[in-house]
Each structure stands twice: as structure tokens, then as C-alpha cells.
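The next block holds one structure in the form of C-alpha cells; read it before the comments.
The values are calculated or read from the model by the stated rules, or taken from the named source; none is laboratory data. Predicted model, so just to flag it, every value in this text is computed and none were measured. Cβ sites come from the backbone with ideal geometry, for glycine too, and all protein chains shown count toward neighbours.
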Amino acid sequence: MPAINPIERYLVHLHARFQGETSGAIATYIPELANASPGWFGICLATADGHVYEVGDSRQRFTVQSISKPFVYGLALEDRGKAAVLERIGVEPTGDAFNQISLEPHTGRPRNPMINAGAIAAASMVAGHSQADRWDRVLGLFGLYCGRALELNEAVYESERITGHRNRAISHMLRNAGILTADPEPDLDLYFRQCSIDVTTRDLAVMAATLATGGINPVTRERALARHNVDEVLSVMTTCGMYDYAGEWFYRVGFPAKSGVSGGILAVLPGQFGIGVFSPPLDARGNSVRGVAVCAALSDDLELHSLRAPRAALSALRTRSTLVHTRSKRVRTEADQLRLAERGSEAVVYQLQGDLGFAAAELVARRLNAERTALKCVVLDFTRVTEVDTTAARLLCEMTQGQSEAGKGVALIGLHRHPRMRRLFDETRATEPGLRFTHVTDLDAGVEWCEQRLLHETDQPHFDADELPFDQHPLLAGLAACDIVELERHMRRHEYQPNQTVVRQGEPADALFLIVRGELSVLVDDLAGAPKRISTLSRGMSFGEPALLGHALRSATVRADRICVCWLLSSDIAAALRVDNPRLAFALLDSVLRSSWTIVERLSSETVVSTVG
Ligand code: DON
């Protein structure tokens, strides 16, 4: 069946494109490797969220060989720390073949951990109570990277051990130079074993994706390498991973990779995905011919060179709006709405998105600095932000401090999604009194907080506690005094306690409510059945207007936020009024229509949000 997914289709196409490439020769210097079939060809791509695309012989087993080197180097870094490892192994590319017998003249250090000398030195730094324990740790580590239990290929291991005279010579040179400090044989044995672990192309892709996502296996979600060691491992792969082809590899392909003599290539697209390719015939430099061709094509076709300039900084600022257009769900009196329309430009809302690094934080800081000096409040919304690196967090924290020292209120939305940044803000606030901000969970609460500051010049929630006399309710403003008296006779006053449900979504709409004290939340069930606040009503407002139409159902639930008082006009009495006092009924409907229209106008204006150019 033809592949529907475009990525799958593309990989199938790549496989077909290079299947006919039959140049190269299978490595035979380890006799057991000569048993491989030149036709084996697998391509896999594992995404940062753990989806694996597999094409061709993706489950064919082969020994990992030199592809093990960066991973054991990572283990040495974890076991001994960077300084101790650097003391014994350099990080300079050699431009030599993988098995070149070369050590730095003055220090005796192998030049890097990707050539055999450096890899044997790295193996020697793997900790353990015993030799068996050290091997268990290495095998277990590869199991973590691949997300499954792995096995040693005994035949290849024996073959390497018996014929590995050159590696034995290298290990004795390391002993002579003092890089290995005891009998070299156990460290050499560990090296032979790590090279002889059986893997598949799929495994290579998942191992690569684990490095791409900062050390966590994206399929199992288990950590294989500490975040802070990933950069070092990827660096040596970038500069030395392809031996004497490393320079041309980076020039042509442009991302970190590692090859092995059995025909595997593992490549990492940091932050995006991992690639595994397997095809045993090798070129003159010992790299898989089809593997190199596939990676080069991927790089060209998908524009993956890691030095290609990103446009992340510009897109980090998703929208910029002011309170002229963006309003909270709190329904305001006409006077407050007018005031917000006048002063709305003094509050600005930045919605950020994606991964924030230096460039993104710099852009936000610069844009905000260029805003009017009359700005009273700033809302930074991190809801759509996926990652904030340490530098960006520090810059945003300093920027917030600058804004608050200049007397501007700053509301941060969704800081709880970024615990590291939140910790930085909290720690800085503890030592720097100049840093003031409020943290709220959703944009609506942040906007409401700004409205509060613009309307009442205070951060404290403001509400009118005393009860509005019935005859001063704004809905009745257009009615004659005698009509108001008449209406009061037909309505009843009702008090509600905090959290009391006043009306429930789906029930018959049997009364119109005029609020004369307190605040109420209007809630609608979302698709999962959870109540979601769509607005807040306060004294002077009304709800339940469909009751005047008869036979309608409540479209939302209304719940008292604090002690509330409402006047209720039942739908039965409203219907009777139409017959007994049509003039009054008409005047009331006229008022209700006007107030509903004001809400429609507000909702229309809120849909206009200026986007960042
Ligand atoms: O050291 C060796 O000979 C092998 N066990 C590993 C060599 C290897 O994969 C070289 N890489 N291309």
C-alpha cells in the first residue's frame, strides 16, 4: 500500500533512490563483519516526540561499532566530570583515520574521543565495582538510549578480541603515556564489547533522537544522559564523528553524526529528530556509502544544515495588543467601558510563543522599551511558550525589573509552565525589591488585572459592596417612574451566598435577573464537560433575558462569586405583563435589547487584535 504520510513517502523515495548505489566494500578486517549482506539497507527517523519512521531493513541486527564511542564518552563525562575527562582526552579533530596511532606529543592524550585511542581512554573511565559491573553499566546505558534490552554479539566480540592487534597496540601506548594507569586489557575488553553490541537502524534513530531531545529517550521518556553533557557529546560528534571526512561532512551535510564500520550512521538534528541509516558497503574513509548519500540528500531536500539562519526571534512575539481591543471577560458598565477605551493604550499585551533564547528575549525587551512612556501595565503571556533557556529567563527577569522600577505593573501569564524561570523570578524578587510582578494562570485574569489598574489605579480587586437601590438599576433607566414602581411590585428580591448556583445550564429559563449587589461568574461546560468561565457580571447588570421570550433553556450556568442580591422577574409574570400592561412590557423589552446590543458591540471589537509585523 502506498505511504500516505509525506515523511514516510519521502523516506521510501530516498530508500528507492539509493538502493541501486552499489559502490563501496564491506569491512573485512574483523573477519566476522564480512558475513554482512551488501544489500541490507535501512533508514529510520525518530522524532523529538518519539514517533519512529522505518523503511527497508530497519530491524536487521548489526554491531554498533564506533557509533558506541560518543555514548561511552558521555558515560565517562557523567562518571568522572568534564575536567577529569579533558585531562586525559582532547577534543581536537585529527583529520586521520579512526585507528591512527597518534597521541598529543606533550601530554600523551588521544586527540579526541572518536578515534580508537580516545575511545579506549573513555572506556577506561567508566566506573564500576568490578569489570562485570562496568560492562553491565555500558550495556544498560545502550539499553536506555534504545529503549530495549540489548545483547552482545558474541561472534563479533570474539572476532575483534582475537584479531584486534592494532587496538591492543594503541592501548599499550596509552598505558605507556600514563593515560591508562593499570593493565590495559580490561579497558580494551570493555571497548571490544561496546563495539560488539547488536543494534538495529531503528535503535540508531532512537539513540540519535535521545541526544536531539537533551538526553531523554523520546519513546520511553527515560533519561539516558544529563542535559549538561549533551552539548559536549554532540560537539565531538560534529568535529570528529566522521574522522578524516569530518570537515567535508559538516560542509555538505551540516549536522552531528557518527559512523561505524559495520555500515551504520547515526545523525542528530538537535531539537528536531534523530536519523539512523544502515548499509554495510563502506567508502575509502570507512563510512557507509548509502548512509552518507542518504544524510546528504536529507540535508539538501529538507534544508537541515544546522548553520542555516533561523527566524525564531521574529516569530517569538506572536501578537501585540492593547486594552483598547483586548478586554477581560468581566462585563463592565458603560462608564468603565468608556474609560477603558480612553486609557486602553496604556496597557499592552505581548503573547509569546515557541522556544525563547537570547534573540527572542532581546526582541521582546527592545519592543517593550520602544513602547510609549505613558504605559501603565504590561502583560507577558507565556502560555504558548515551549521552552525558555537560562539566558532568555535572565533577560526577561531583568526586563521585568526595569519595567517595575519605572512604575509599570507587570503581569506574567503561565509562568508555572516554566518552573526554572519561575524559580529565577521568585529568587530575584526575594533579593531585589525592585522586581515586582503578578503571576496569573490565564490571559483573561491578566487582562482583568490591567483593567483594574487602569480603572481604579490599584492592584487590589475592586468591587462595589453596597446594594444598588432597585429603582437605580441601569436596565430601568429608560422606564417611567410609575413603571418602575409597578415592576418592583411584580419582582422579588433574592439573596445568594458565595458559590451558590443561581441558574444552571440546560434548565428552563424561567426568570430575568437584575443584579443589585455582588459579582457572579457565567460558566459554560467545555467539550469535556468542565465548567469554563466566559464572563463575570456585577451589580448594575442583568442576565437571563431569554426568560422574556418563554420556553428558552439556560445557555450557561451562573454562580455567585460573593454575597449577591438579584431582583427576579419570572417568565410567567413577564408573559402576563404583555397582556395586562403592554406599554411597560414593551419598554422593558426595549431596554433589554439595548443592553444586549452593547454586549454584541463589545464582542465584535474584541475580535480585532493587532498582530506583530
Ligand atoms: O576499533 C575497531 O576496529 C572497531 N571495533 C570499531 C571501528 C569502527 O567502527 C570505525 N568506524 N568507522
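The table that follows gives values for the structure above.
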item	result
Sole residue being surrounded by 20 or more Cβ atoms within 10 Å (Cβ to Cβ), within 14 Å of the ligand (Cβ to nearest atom) and closer than 19 Å to residue 101 by Cβ, chosen from 169, 122	122
Which listed residue is of a type outside the set (Ser, Thr, Tyr) and modelled with pLDDT of 90 or more, from 463, 470	470
Any hit, the range 282-297, residues being away from the ligand (no atom under 11 Å from the Cβ) and assigned to a loop (DSSP other than H, G, I, E, B)	yes
Residues of the range 391-409 satisfying the condition of being outside any helix (DSSP H, G or I) and either modelled with pLDDT of 95 or more or surrounded by fewer than 20 Cβ atoms within 10 Å (Cβ to Cβ) (or both)	406, 407
Those residues of the range 561-573 which are of a type outside the set (Lys, Arg) and closer than 21 Å to residue 472 by Cβ, in sequence order	563, 564, 565, 566, 567, 568, 569
Conditions (1) in contact (Cβ under 8 Å) with a residue 40 or more places away in the chain; (2) within 23 Å of residue 259 (Cβ to Cβ); number of the one not met by residue 220	(2)
Unique residue being away from the ligand (no atom under 16 Å from the Cβ) and not in a loop (DSSP other than H, G, I, E, B) when the list is 186, 218	186
Cross-chain or 6+ apart pairs with Cβ under 6 Å, the range 53-70 first and at positive phi and more than 12 Å from the ligand (Cβ to nearest atom), then of a type in the set (Gly, Ala, Ser) and not in a loop (DSSP other than H, G, I, E, B)	56/42
Condition check for residue 268: under 27 Å from the mean Cα position of the chain (by Cα), more than 16 Å from the ligand (Cβ to nearest atom) and either assigned to a loop (DSSP other than H, G, I, E, B) or not charged (D, E, K, R) (or both)	yes
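Matching residues to (1) on the phi > 0 side of the Ramachandran plot; (2) surrounded by 19 or more Cβ atoms within 10 Å (Cβ to Cβ); (3) of a type outside the set (Val, Ile, Thr); (4) out of contact with any Pro (no Cβ under 7 Å at 6 or more places or on another chain):
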site	(1), (2), (3), (4)
184	no, yes, yes, yes
192	no, yes, yes, yes
197	no, yes, no, yes
201	no, yes, no, yes
208	no, yes, yes, yes
215	yes, yes, yes, yes
228	no, no, yes, yes
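To keep it simple, each residue is scored yes or no on (1) at pLDDT 95 or above; (2) closer than 24 Å to residue 441 by Cβ; (3) part of a strand (DSSP E or B); (4) under 27 Å from the mean Cα position of the chain (by Cα).
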site: 339; (1), (2), (3), (4): no, no, no, no
site: 342; (1), (2), (3), (4): no, no, no, no
site: 345; (1), (2), (3), (4): no, no, no, no
site: 354; (1), (2), (3), (4): no, yes, yes, yes
site: 364; (1), (2), (3), (4): no, yes, no, yes
site: 368; (1), (2), (3), (4): no, yes, no, yes
site: 373; (1), (2), (3), (4): no, no, no, no
site: 383; (1), (2), (3), (4): no, yes, yes, yes
site: 386; (1), (2), (3), (4): no, yes, yes, yes
